[in-house]
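Have a look at the structure below, then the notes.
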Amino acid sequence: MKNIVLTGFMGTGKTEVGRILAQRLSYTLVDADTEIEKEQKTTITEIFKQYGEPKFREIESDVIKRLSEMEKAVISTGGGAVLKQENMDNLRKKGVIICLGASPETILKRTSNNNDRPLLQVDNPLQKIKELFEFRRPYYEKADIMIDTEDKSPMEVADEIIEKAKGI
Ligand code: S3P
């Protein structure tokens, strides 16, 4: 089976679902954000603060290019990775692209317990989630498989992905 690439908005469960998938498939788990932090020896928040989002996107694309070369990997990507066609082209070479979805309210609930997402550090995060989501929707919809995670456990989501990815 191909690599499993997890895309989707912040708080849709990519990291947790990725962990379960990697275990179930005996695949290597890699998380693009974690790789960026390792490589840059700093946090995503610091990268945004010091260099801004465009620089972060450049670093993200370089890391994604490298991860796309892997075999038997579950590759979890940051919520904005879909915005660059180059990222999706690289990831698709050896992978099936999955997109996890959830409602803005659920995303707010899942992301409000920590402040490590610079894009949501605003006065009205729900409004920001809705705006970002509307803008990104067409990009997320380019995935091979869309999975709604609303009211599902990460285990159920992982089962659904394995079932659907089998045929691809
Ligand atoms: C981002 C999502 C984050 C991280 C960065 C930007 C985004 O990853 O890459 O804060 O643009 O949606 P998660 O989706 O893993 O939170």
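Derivation of every value follows stated rules applied to the coordinates shown; laboratory data play no part. A quick note: this is a predicted structure, and the numbers were derived from the prediction, not measured. Neighbour counts are summed over all protein chains in view; Cβ atoms, including those assigned to glycine, are modelled from backbone coordinates with ideal geometry.
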Checklist entry - So how many Lys-Lys pairs in the range 82-168 land under 26 Å Cα to Cα, not counting same-chain pairs under 8 apart? => result 25
Next on the checklist: Between Asp89 and Asn124, what is the label-point separation in nm under the 7 Å Cα-to-beta-carbon projection?
Outcome noted: 3.8 nm
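Taking Cα pairs under 8 Å and at least six residues apart, what relative contact order does the range 3-165 come out at, in percent?
Numbers: 233 pairs, mean separation 55.9, N = 163.
Dividing the mean separation by the residue count of the range 3-165 yields 34 percent.
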Item to check | Simple label model, 7 Å out from Cα along Cβ direction - Tyr51 to Glu39, nm | outcome: 0.9 nm
Checklist entry - Is the range 76-168 best put as rounded, prolate or oblate by its Cα gyration tensor, with a ≥ b ≥ c the root eigenvalues, rounded for a/c under 1.5, and otherwise prolate when a/b is larger than b/c, oblate when not? => result oblate
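On full extension of the chain, what length is gained from Arg66 through Arg19, given 0.36 nm per residue of separation minus the C-alpha to C-alpha distance? If you can, show how the numbers build up before the last one.
On the way: separation 47, 0.36 × 47 = 16.92 nm, distance 1.99 nm.
So the extension gain works out to 14.9 nm.
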Checklist entry - Once amide H atoms are built 1.01 Å from N in the peptide plane, which residues 5 or more positions from Cys99, or in another chain, come under 5 Å H to H? => result Thr7, Ile145, Met146, Ile147
Item to check | Test item: Cα-centred dipole of the chain, Lys/Arg +1 and Asp/Glu -1 on Cβ, debye | outcome: 300 debye
Checklist entry - For the chain, what is the mean residue ellipticity at 222 nm derived from helices alone (per DSSP H run of n ≥ 4: -39500 (n - 2.57); sum divided by total residues; nearest 500 deg cm²/dmol)? => result -16500 deg cm²/dmol
Checklist entry - Highest mean first, what order results for 20-26, 121-127, 2-8 on Cβ atoms within 10 Å? => result 2-8, 20-26, 121-127
